[in-house]
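To start, the structure under review is shown below, and the notes come after it.
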Amino acid sequence: MHGAVQLRARILISCFVCVVSAIGHAQAIFDFDLKALYEAHEWRALNNRLRSTEGIPLYQGAIGVTFNQDPQRTESLLLSVISAAPHSPEAYDAAEWLSHLYLYRGQYRSLVSIMDGRWAAFPDKSEKSDEQAAINGFRGLPNQVQRSSRPSTINHEDGSIFIPLSINGTSATYFFDTGAWISCMSESEAKRLHLKVRNSLGQLGQSAGAHVGFRTAVAKNVVVGNTHFEDVSFAVFPDNQEPWSDLAPGRRGIVGMPILVALKNLRWEKSGGLEIAQPSRPFDMEKSNLTFDDDHLVVSATIQNQKVSGTVDTGAVDTDLYQPFADQFKDLIKRLGKKESRELHGVGHAEKYDSITVPELQINIGDAETVLSPAHVILNSIGAKGCVGNFGLDLYKQGPAFTIDFDAMTLRIVPSNEVAR
């Protein structure tokens, strides 16, 4: 009898060990799948998988940054990863995600602080010197503050993206640019506004593929419609550079992403109005077509029934496609493409590239069909990784209006037969 009890005990222990081993193996596979989705930037699939588990704040934080959801919670999640294990690979990634979050929200003091902490924890990383050079231009800049915001409609010239604003009580008219990750102005504009320009060792990347140096200035008060900001930082460039050299005094400035994201919801109408800070639609990840990806605003689209991504750049008059487009649509390029060269212009820089012209190309963004005629394909891999091109105003202005909702993370080109939202 005693032997039978021992046998049953051994059997039960053996079964328990097998169950625990199976659970551990299944968990390892689950964790591996999550990591694979995270590294592939398959955010929607990763979010769906995370619904069946708890924790993993790094992945939750990455999704929060990518889809601009609940920035306070996202920041808290990522900071918890760093505090839990400051020298871990997860902490290194968390600091990277926080740098993106702080950049597109104009939180430059926080940006420099988190990156300094990262380099102190990981002094031997090969990318340290390049990252420090990129961050140096933001040293000494404050965190932008939004003091108040109410919905408003501001007027602009027909078909124009130049909008009125007030800087330290002085009127200005700048264009809004979803490709600008810091607001910008010319040196003469900073002087007109009585802003103190400070020297900087920073460089900014721009759509033409180059990096250009800049200085900085801080405006104590900026008002756009009924939204009031304090401590808004501007990158300052010489007046003899594009686009300032072509603009009149009072118009030599750019409203960049830190202001636009804070405005939350923009509806630009070709006839002359820009609605800002209007109530947003509820966020639905499956319906959203915008993401923040490596300091770019990226929209999902389709070309010839194939899914593509492009950067959203309201500061670009024309759309340019890049080498990834030529790689994905080789047959189209071979059949219809004509070789030429094309010059790309950015702030303070222009560069000529070999290119191919396609007579006409349809790009579907949301429920809108837009047409590029012609379509220019730059034979160079510039711009955001994985994007087929930089989508400019020539697409968005094909309807009577377009909307960018940074809460719902949607871009929509309003069809001509639609009068109201």
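Some observations on this one:
- Strands (runs of 3 or more DSSP E) lying entirely in region 302-421 (those with 2 or more residues that are more than 27 Å from Phe162 (Cα to Cα)): 306-312, 338-346, 349-358, 361-365, 375-378
- Output for region 214-233, where each listed residue is under 14 Å from Leu165 (Cα atoms) and part of a strand (DSSP E or B): Ala219, Lys220, Asn221, Val222, Val223, Val224, Thr227, His228, Phe229, Glu230, Val232
- Residue within region 334-343 that is under 25 Å from the mean Cα position of the chain (by Cα) and either at pLDDT 95 or above or closer than 25 Å to Ile413 by Cα (or both) present: no
- When the residues of region 204-228 are filtered to those that are touching a Gly at 6+ places or on another chain (Cβ under 7 Å) and at pLDDT below 65, the one that is surrounded by the fewest Cβ atoms within 10 Å (Cβ to Cβ) is His211.
- Some residue of region 238-247 being out of contact with any Lys or Arg (no Cβ under 8 Å at 6 or more places or on another chain), under 27 Å from Pro142 (Cβ atoms) and open to solvent by less than 10 Å² (accessible area, probe 1.4 Å): no
- The one condition from (1) in a helix (DSSP H, G or I); (2) exposed (fewer than 12 other Cβ atoms within 10 Å of the Cβ); (3) at pLDDT 95 or above that Ala4 does not meet is (3).
- Boolean, Gln107 is closer than 30 Å to Ala219 by Cβ and surrounded by fewer than 17 Cβ atoms within 10 Å (Cβ to Cβ): no
- Some residue of region 279-286 being closer than 24 Å to Thr370 by Cα, among the small types (Gly, Ala, Ser), surrounded by fewer than 19 Cβ atoms within 10 Å (Cβ to Cβ) and out of contact with any His (no Cβ under 8 Å at 6 or more places or on another chain): no
- Considering each residue of region 178-187 in turn, none proves to be surrounded by fewer than 19 Cβ atoms within 10 Å (Cβ to Cβ) and at pLDDT below 95.
- All conditions but one from (1) within 30 Å of Asp394 (Cα to Cα); (2) touching a helix residue (DSSP H, G or I) at 6+ places or on another chain (Cβ under 9 Å) apply to Thr170; the one that does not is (1).
- Positions within region 145-155 being surrounded by 14 or more Cβ atoms within 10 Å (Cβ to Cβ) and either in contact with a Phe, Trp or Tyr (Cβ under 6 Å, 6 or more places away or on another chain) or small (Gly, Ala, Ser) (or both), in sequence order: Gln146, Ser149, Ser152
- Selection from region 44-62 of residues that are part of a loop (DSSP other than H, G, I, E, B) and among the charged types (D, E, K, R): Arg51, Glu54
- Filtered by the rule that a residue be part of a loop (DSSP other than H, G, I, E, B) and of a type outside the set (A, V, I, L, M, F, W, C), region 234-268 gives Pro238, Asp239, Asn240, Gln241, Glu242, Pro243, Pro249, Gly250, Arg251, Arg252, Gly256, Lys264.
- Hey, Ile356 in contact with a Phe, Trp or Tyr (Cβ under 6 Å, 6 or more places away or on another chain), more than 22 Å from Ile254 (Cα to Cα), in contact (Cβ under 8 Å) with a residue 12 or more places away in the chain and open to solvent by less than 70 Å² (accessible area, probe 1.4 Å) or not: no
- When Asp394 is tested against (1) at pLDDT below 90; (2) surrounded by fewer than 17 Cβ atoms within 10 Å (Cβ to Cβ), only condition (1) is not met.
- When restricted to residues that are small (Gly, Ala, Ser), within 23 Å of Ile182 (Cα to Cα) and exposed (fewer than 14 other Cβ atoms within 10 Å of the Cβ), region 114-137 contains 2.
- Filter result for Gly315 (within 25 Å of Gly272 (Cβ to Cβ), over 22 Å from the mean Cα position of the chain (by Cα), of a type in the set (Gly, Ala, Ser) and buried (at least 18 other Cβ atoms within 10 Å of the Cβ)): no
- Residues being open to solvent by less than 40 Å² (accessible area, probe 1.4 Å), closer than 23 Å to Pro86 by Cβ and either among the polar types (S, T, N, Q) or in contact with a Phe, Trp or Tyr (Cβ under 7 Å, 6 or more places away or on another chain) (or both) - total across region 34-74: 8
- Checklist (1) at pLDDT below 90; (2) within 28 Å of Asp246 (Cα to Cα); (3) of a type outside the set (Phe, Trp, Tyr) applied to Gly389, failing item: (1)
- Residues in region 344-353 that are within 22 Å of the chain's Cα centre (by Cα), open to solvent by less than 80 Å² (accessible area, probe 1.4 Å) and either at pLDDT 75 or above or not β-branched (Val, Ile, Thr) (or both): Leu344, Gly346, Gly348, His349.
The values are calculated or read from the model by the stated rules, or taken from the named source; none is laboratory data. If you're wondering where the values come from, they're calculated on a predicted model, not measured in any experiment. Cβ atoms come from the backbone with ideal geometry, glycine included; neighbour counts cover every protein chain shown. With ligands, DNA and RNA removed, areas are computed over all heavy atoms of the protein, side chains included. Shrake-Rupley method; radii C 1.70, N 1.55, O 1.52, S 1.80 Å.
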